[in-house]
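Contents: one structure, followed by commentary.
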Amino acid sequence: MQPASPVLVAVLGDQLTPDLASLRDQDPAHTIVLMMEVWDEATYVRHHQQKIALVFSAMRHFTEELREAGWTVDYVRLTDEDNSGSLTGELARAIERHDPREVRVVEAGEWRVQQAIDEWAGRFACQVTILPDDRFLCSKAEFAAWAKGRKQLRMEFFYREMRRKTGLLMDGDEPVGGQWNYDSENRKPPKEGLSAPPRPLFEPDEITREVLDLVAERFGSHFGDLEPFHWPVTRAQAGQAADAFFAERLAQFGDYQDAMVHGQDDLFHSMLSTSLNLGLLDPLELCRRAEAEYRNGRAPLNAVEGFIRQLIGWREYVRGFYWHEMPGLAEANELGATRPLPAFYWTGETQMRCLADCVRSTRANAHAHHIQRLMVLGNFALLAGIEPKAVQDWYLAVYADAYEWVELPNVAAMVLYADGGRLASKPYAASGNYINRMSNYCSGCRYKVALKTGPDACPFNPLYWHFMARHRDRLEANPRIGQIYATWDRMGEERQAEYLASAEAFLDSLEPAEPGWAREP
Ligand code: FAD
Ligand code: DLZ
Ligand code: SF4
């Protein structure tokens, strides 16, 4: 008797979860798991070298984990002869090799990849089953139902639904502590000498070393330092990273969530986004652990609620928002921003100390923490009117945790207000004052944060007013920001002209980036 043809389960590079919907309930004896390192995924943007190494190493380690659990894995390496370079091409070759009766795959995290997957059923003779990614708490349909009829999609209301749904930090129907959100207690400026315990660093093993050599050879011209490489690449390492966070940093995460300290790249952040996005950690499990830390008296409510809000609030919300707003979100440019990305985003060569430090961390670690991404790198792009696509490409290329489903809503909607306010109630625009309050950057900067105009003024100061003035028509009616125009009007024409001239002189001095950093020219 002929053996029954197998089921072929395609597992994408960010689906490294043993309980993935496509693997669940399958019989390892009659299943072949297909994993594919392909050129297209490694180069659709020119990812930071550490990101490629992280994804390939985690994929290879996951293969080991699956094999130990009894699965047969057909693993395609980037360097395999005849590697076609695309996921669809490699699936076609695998279908020839295995003649499966069914191909199973969990929906992709990115629109671009999902478009390709949607063509598989028409292209291949066998049955193709596409399953929802239930590693997220909120399905696409659930988000769409919540969003229906709402003009603005505010995270806060979505978040409350997620709290009710999961029961996290709930006392019956009421939020623990009486408030849903302790954001106002997440904004302590850094005190002198603030430092956090170092996060665990994972030394490359043999598998990772081989990948690092491959990346150095094939992708050595991409942005970013490849080494030192310390990311968790296995579920066990990601678990250790989470343990260390809960034991050593969670308690202060809340107070210093928005703080920035020169040269202190992680502070009290969890540094778990890369593991979460690869599927090495389960967000709900992390939230339950965080809640236990609060209930056991080991971490305060502002820290635990803040952490849970990031995961079941922001993370779930931006994913829902992405699928709800695509493909238009990738093209949105409601503020009509057209300036090219300045070269310093890639080179780090700027005298603005805050930006130089954030680009340094980005280059060295393939990471910058949230407030650096939002209020330094993002705020500058917003105020300077940088073209959204260039900013989106930059963020997608430079961070080890970047996938379009999470990057794009944060960049286009939260940072650039390119969606015209579907996501954020107002643009996150700020002058140098904000950065000065929340960091120790300004004291060592060549620019003076106290100066408002002129060549020595902190460029954020005139840029802030330039932005407000050029978008007055749109922003004046916004109740959360419109009152600022009374201050602008009180300045008088002469002072206003000084602000605008200072901003323009600075903008004129910006050197645009050479093409080709983010995408192949
Ligand atoms: P922590 O501060 O410890 O937060 C805990 C977790 O909450 C994170 O690991 C992450 O999973 C989640 N989280 C926090 N904020 C957000 C948010 N705004 N959106 C979604 N999830 C959130 N995060 C990514 O994972 N990938 C990206 O490509 C990405 N791009 C961003 C671009 C911009 C412009 C901004 C403002 C934010 C972006 N973020 C992105 C969100 C956030 O900055 C990172 O998740 C965070 O810095 C990761 O570090 P951490 O794990 O130490 O986070
Ligand atoms: C990010 C990435 C990279 C660098 N390489 C691969 C790869 O070779 N094979 C793969 O399956 N996935 C890779 N990924 C992750 C994919 O781009 C990811 O599946 C999409 O971003 C989400 O749809
Ligand atoms: Fe940044 Fe301005 Fe402060 Fe310099 S003075 S570090 S440019 S905010």
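Observations
- Three-way shape label, the chain, alpha-carbon gyration tensor, a/c 1.5: prolate
- ³J(HN,Hα), Karplus 6.51/-1.76/1.60, whole Hz, each residue of segment 259-276, x for Gly, Pro: 7, 9, 10, 3, x, 9, 7, 9, 6, 9, 6, 6, 6, 9, 4, 5, 5, 4
- By the rule of a C-alpha distance below 14 Å, with chain neighbours fewer than 8 residues away ignored, the aspartates and glutamates paired with LYS448 are ASP456.
- Contact order for segment 7-131, expressed relative to its length and based on alpha carbon pairs under 8 Å spaced 6+ residues apart, stands at 33 percent.
- Amide H contacts for LEU34 (H built 1.01 Å from N in the peptide plane; partners 5 or more residues away or on another chain; cut-off under 5 Å): VAL9, ALA10, VAL11, ASP74.
- Mean residue ellipticity at 222 nm, helices only, the chain: -12500 deg cm²/dmol; runs of at least 4 DSSP H residues each add -39,500 (n - 2.57), and the sum is divided by the number of residues.
- Take every pair of alpha-carbon atoms less than 8 Å apart whose residues are at least six positions apart; their mean separation over the length of the chain yields a relative contact order of 17 percent.
- Each of CYS442, CYS126 was scored by other Cβ atoms within 10 Å of its Cβ. Listed from fewest to most, they are CYS126, CYS442.
- By the count of neighbouring beta-carbon atoms within 10 Å, fewest first, ARG93, ARG164 end up ordered ARG164, ARG93.
- In degrees, nearest ten, helix 353-365 long axis to first principal axis of the chain (Cα): 10 degrees
- Karplus-derived HN-Hα couplings along segment 95-110 (A = 6.51, B = -1.76, C = 1.60, θ = phi - 60°), whole Hz, x at Gly and Pro: 5, 4, 5, 10, 6, x, 7, 8, 10, 10, 8, 7, 3, 7, x, 10
- Per-residue Cβ neighbour rank within 10 angstrom, fewest leading, SER22, SER5, SER443: SER443, SER5, SER22
- Candidate cross-link partners of LYS165 among the lysines, defined by an alpha-carbon separation under 17 Å and a same-chain spacing of 8 or more, comprise LYS140.
- Rounded if a/c under 1.5, otherwise prolate or oblate - segment 344-509, Cα gyration tensor axes: oblate
- Placing unit charges on the Cβ atoms of the charged side chains and taking the dipole of segment 7-131 about its Cα centre, the candidate lying farthest along the positive direction among ALA92, LEU131, GLN115 is GLN115.
- Taking a Cβ cut-off of under 12 Å around THR17, the surrounding Lys, Arg, Asp and Glu residues balance to a net charge of -4, with basic ones at +1 and acidic ones at -1.
- Whole-Å distance, taken between Cα centres, linking segment 292-363 and segment 162-189: 21 Å
- For segment 241-336, averaging the sequence separation of C-alpha pairs within contact (under 8 Å, six or more residues apart) and dividing by the residue count gives a relative contact order of 30 percent.
- Partner aspartates and glutamates whose Cα lies under 15 Å from the Cα of LYS148, excluding those fewer than 8 positions away in the same chain, are identified as GLU161, GLU325.
- Phi to ³J(HN,Hα) by Karplus 6.51 cos²θ - 1.76 cosθ + 1.60 over segment 480-497, Hz, x for Gly, Pro: 8, 9, x, 5, 5, 5, 5, 5, 4, 5, 5, 5, x, 5, 5, 5, 4, 5
- Taking Cα atoms only, the orientation of helix 316-325 departs from the longest principal axis of the chain by about 90 degrees.
- Cα-Cα over 31 Å, subset of LYS191/LYS389; LYS188/LYS452; LYS151/LYS191; LYS188/LYS389: LYS191/LYS389; LYS151/LYS191; LYS188/LYS389
Each reported figure results from applying straightforward, stated rules to the coordinates on display, with no laboratory input. Nothing here was measured: the structure is a model prediction, and the numbers come from that model. As a convention, Cβ positions derive from the backbone with ideal geometry for all residues, glycine included, and neighbour counts pool all protein chains shown.
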